[in-house]
Amino acid sequence: MSVHGDHFYKFLSELSFVRVSGTEEEHRAANMIMEEIKSYGLEPKLEPFEVGHRKPVNAKFKVTSPVEKEYTVTGLINAGDTPIGGTDAEFYYMESINPFSLQKGKGKFVLLNARPSEEEYKQLMEVGIAGFLWLNGTARDTYENSDLDTMRYRASYHRYGEVPAFAMRMIDAMDLVRSNPKTVHFELQHEEWKGTSYNVVTVVPGTDKADEAICVGGHYDSVEFAKGSWDNGAGTVQVLGLLQHLAKNPPRRTVKAVCFGSEEVGLNGSKAYLAAHPEDRDSLLCMINLDVGGSALGSYMAGITATPEAEHYLTHLLRECGWWINARSGVMSSDCAVFSDWGIPSISLGRMTPSPYGGFMHTRYDNMDMISADVIGEEIDILIAVATHLLDSEIFPIERKLSDEMVKEVVKYFGTGNSHSWEVQNPDKVEKK
């Protein structure tokens, strides 16, 4: 049994409150993390950065024929506004996005089964839909046991245009479709919102290889309604567990540990960190990211954005250390993707739950009910094993390189024109500033 579990389970319990980007609660969490790190004899720093978006302040949706009925919706952040008083349109349930359905949906307000990809969004804009809904939650939700998130789509989508867009509970969508609506009325207005978020940055200097460095990080913010114990308080306490270990066992290479703010609203913490530390873009050897963990039910995962050789190395390292975890190449939707966009190999460690996210990702059910102190302790042990092998090796074992396939995946993840990797590949298309 790990010696780390009980202490960090207790700290995670204290950290488990809603801490949304740019709020006082997120700032309070950052200060709690600061004080914990100071107790190890280290010197963390708070690095503030501005966050903001167009916040929906009025979102309404109702069927107007053949009967009238209003439904609860949330407006998507940064979607298009309607005129004051709203807009009316014909309704169309677009079960899938294909040439036939796109023609049928032209000029209509459409219900989608899932969040559209960037290419699908482009097609929706080109055909001229009036607006759209996508679904939130599960078919087994009730109003008493569910919340409706304020959602968003990626910034790269905006190049194709904006229309009013909403999220609706799946249970309401079933009722909506059964009513066979012909026309609908919808309203959406936004207002500009700005706040301050914080990265908690701690540098542990190396000994004889201090000029070489890796980054280890995990985000500490949560979404609305969720206390964020699994996503990602658990990743945060793993970073803390490593720092506690390194304070007593100085590494050969330097560690730059970052507890990121505002990951949930667009990976803003990692973007702010690399903007504030441009020297790290060219010098960091690797980034280890901790996102989701601690669940009693589940299995450990390891992802890597680098080369096939690095994937094989990580798999065998984990087995050598006593964990049968097969590393998989890909781009994880977390802060590590921002580092990989700058050509920095990244490793993601986490613990997935049975079924897609165990039914509690980004919901009120992400709390301490499913968290195990023993699992937290073992996750910290895994991180320490991986990190110390990298930090203390004579020659750094992972080449500072991404394969061509991984670069393509990074560009696809961020969207055309929205990544450093894309700019490197397309210098003639980069707008001069």
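The values are calculated or read from the model by the stated rules, or taken from the named source; none is laboratory data. Computed from a prediction, not measured in an experiment: that's the story for all the values here. So basically every Cβ, Gly included, is an ideal-geometry build from the backbone, and we count neighbours across all protein chains shown. To get the accessible areas, we keep the full protein, side chains included, count just its heavy atoms, and leave off ligands, DNA and RNA. Shrake-Rupley method; radii C 1.70, N 1.55, O 1.52, S 1.80 Å.
Tell me the label only: which of (1) 157, 53, 47; (2) 61, 49, 37; (3) 74, 52, 38 is Cα extents along the principal axes in Å as calculated from this structure? Entry (3). Cross-link partners for residue 248 among the lysines, with Cα-Cα distance under 24 Å and sequence neighbours closer than 8 places in the same chain left out: 10, 38, 45, 209, 256. Contact order for the chain, expressed relative to its length and based on alpha carbon pairs under 8 Å spaced 6+ residues apart, stands at 20 percent.
Find the accessible area per residue for region 231-313; the probe is 1.4 Å, ligands and nucleic acids are left out, and the unit is Å².
Heavy-atom accessible area per residue stands at 28 Å².
At the residue level, residue 104 shows approximately 120 square angstrom of accessible surface with a 1.4 angstrom probe and all protein chains present.
As a length-normalised measure over Cα pairs under 8 Å and 6 or more apart, the relative contact order of region 183-326 settles at 31 percent. Computed over protein heavy atoms with a 1.4 Å probe, the accessible surface of region 336-406 works out to 39 Å² per residue. With contacts taken as Cα pairs under 8 Å at a separation of at least 6 residues, region 51-197 carries a relative contact order of 43 percent. Using the 1.4 Å probe convention, the accessible area of region 1-154 works out to 52 Å² per residue with neighbouring protein chains retained.
Using the Cα gyration tensor of region 4-58, with a ≥ b ≥ c the square roots of its eigenvalues, what is the shape: rounded (a/c below 1.5), prolate (a/b larger than b/c) or oblate (neither)? Taking the square roots of the gyration eigenvalues as a ≥ b ≥ c, region 4-58 is oblate. With a threshold of 26 Å on the Cα-Cα distance, the over-threshold entries among 194/408; 60/106; 122/429 are 194/408.
With a ≥ b ≥ c taken as the square roots of the eigenvalues of the C-alpha gyration tensor of region 14-114, please select rounded if a/c is under 1.5 and otherwise prolate if a/b is larger than b/c or oblate if it is not? In terms of gyration-tensor shape, prolate. Residue 252 sits with roughly 50 Å² accessible to a 1.4 Å probe, with DNA, RNA and ligands left out of the calculation.
Straightening the chain between residue 247 and residue 50 buys 67.8 nm, computed as 0.36 nm per residue apart minus the Cα-Cα spacing.
Label region 303-433 by shape, choosing from rounded, prolate and oblate, from the square roots a ≥ b ≥ c of the eigenvalues of the Cα gyration tensor; if a/c is under 1.5 it is rounded, and otherwise prolate applies when a/b is larger than b/c, oblate when it is not. Oblate is the answer for region 303-433, as a/c is 1.5 or above yet b/c matches or exceeds a/b.
Counting only protein heavy atoms and a probe of 1.4 Å, the accessible surface of the chain is 51% carbon and sulfur. Calculate how many DSSP beta bridges within the chain are antiparallel, expressed in % of all such bridges and rounded to the nearest 5. Taking every DSSP beta bridge within the chain, about 60 percent pair in antiparallel fashion.
Let's test the formula: R0 of 25 Å, r as the Cβ-Cβ distance of residue 385 and residue 412. What FRET efficiency results, to the nearest 0.05?
On the way: r = 32 Å, r/R0 = 1.27.
Result of the calculation: an efficiency of 0.20.
Tell me, what does the Kirkwood hydrodynamic radius of region 242-326 come to in angstroms if you use every pair of distinct C-alpha atoms?
Averaging 1/r across every pair of different Cα atoms and inverting gives 15.6 Å.
All Cα-Cα separations within region 85-184 were binned at 5 Å from zero, giving a P(r) of 2, 13, 24, 24, 20, 12, 5, 1, each value a whole percent of the pairs.
Relative to the longest principal axis of the Cα atoms of the chain, helix 118-127 runs at roughly 20 degrees. Using a probe of 1.4 Å on the protein chains alone, the accessible area found for residue 115 is around 130 Å².
The slack in the chain from residue 174 to residue 88, taken as 0.36 nm per residue of separation less the alpha-carbon distance, amounts to 28.8 nm. A crude spin-label estimate for the pair residue 154 and residue 404, with each label 7 Å from Cα along the Cβ direction, gives 2.2 nm.
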